[in-house]
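> For reference, the structure I am asking about is given below.
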Amino acid sequence: MLSVLPIRALGGAASVRQRSGLKFEVEAELSQLGRLSAQVQELPAEEIPRVLPLLAGAQASLAAAQTALAERLAASLPSQSRAAAFSETPDRWLTTDETADLLKVDRKWLYRRAKDLPFCRRLSRKKLLFSEAGLHRWMANRKP
């Protein structure tokens with residue numbers, strides 16, 4: 001089954017073909033948008049007021065499409081990854097002592113490796129803070 005979905009961009013009608021309800025061919029449409037910046041350089045000044053609202057409409061349509069794709073991608077993530085990616089609870093910052101207890105290491109170990117730990121933030125020469133969520137992600141991704 002082949003159907004055509006209309007898309008209005010910059011005042012002209014374009015189409016995206018949908019095959020079997022799954023596959024979209026949008027690469028050609030996006031490449032046309034890429035060539036648009038060269039074309040607007042040659043646009044006569046008296047045409048600019050007419051084209052600006054059309055560009056704003058196209059921008060809004062692209063933003064809506066981007067949001068829809070991001071939502072679909074987020075929905076396709078495993079529930080645990082989705083919860084971590086879109087967590088509504090704020091991250092908690094741990095002190096050096098709390099982090100050392102969790103990792104079962106000495107505080108000096110943390111200070112020596114602070115630059116290599118992606119969940120660490122150095123506030124001063126003697127003060128480190130550690131992201132609890134980042135620490136748990138780091139621990140989950142480490143090789144045993």
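The values are calculated or read from the model by the stated rules, or taken from the named source; none is laboratory data. Keep in mind it's a predicted model, so treat the numbers as computed, not measured. Backbone-built Cβ (ideal geometry, glycine too); neighbour counts: all protein chains shown.
> What number of residues in region 1-56 are among the hydrophobic types (A, V, I, L, M, F, W, C), at pLDDT below 80, part of a helix (DSSP H, G or I) and loosely packed, with under 10 Cβ neighbours inside 10 Å?
Counting residues in region 1-56 that are among the hydrophobic types (A, V, I, L, M, F, W, C), at pLDDT below 80, part of a helix (DSSP H, G or I) and loosely packed, with under 10 Cβ neighbours inside 10 Å gives 2.
> Please specify each residue of region 123-144 satisfying the condition of being assigned to a strand (DSSP E or B) and over 18 Å from residue 104 (Cβ atoms). Break it down stepwise before answering.
Here is the first cut: in region 123-144, the ones assigned to a strand (DSSP E or B) are 123-124, 127-131.
Within region 123-144, 123, 124, 127, 129, 131 meet the criteria.
> Also, I was wondering about something else. Return yes when residue 74 is modelled with pLDDT under 80, surrounded by fewer than 12 Cβ atoms within 10 Å (Cβ to Cβ) and of a type in the set (A, V, I, L, M) and no when it is not. Please lay out each step first, then the result.
Values: modelled with pLDDT under 80: yes; surrounded by fewer than 12 Cβ atoms within 10 Å (Cβ to Cβ): no; of a type in the set (A, V, I, L, M): yes.
No.
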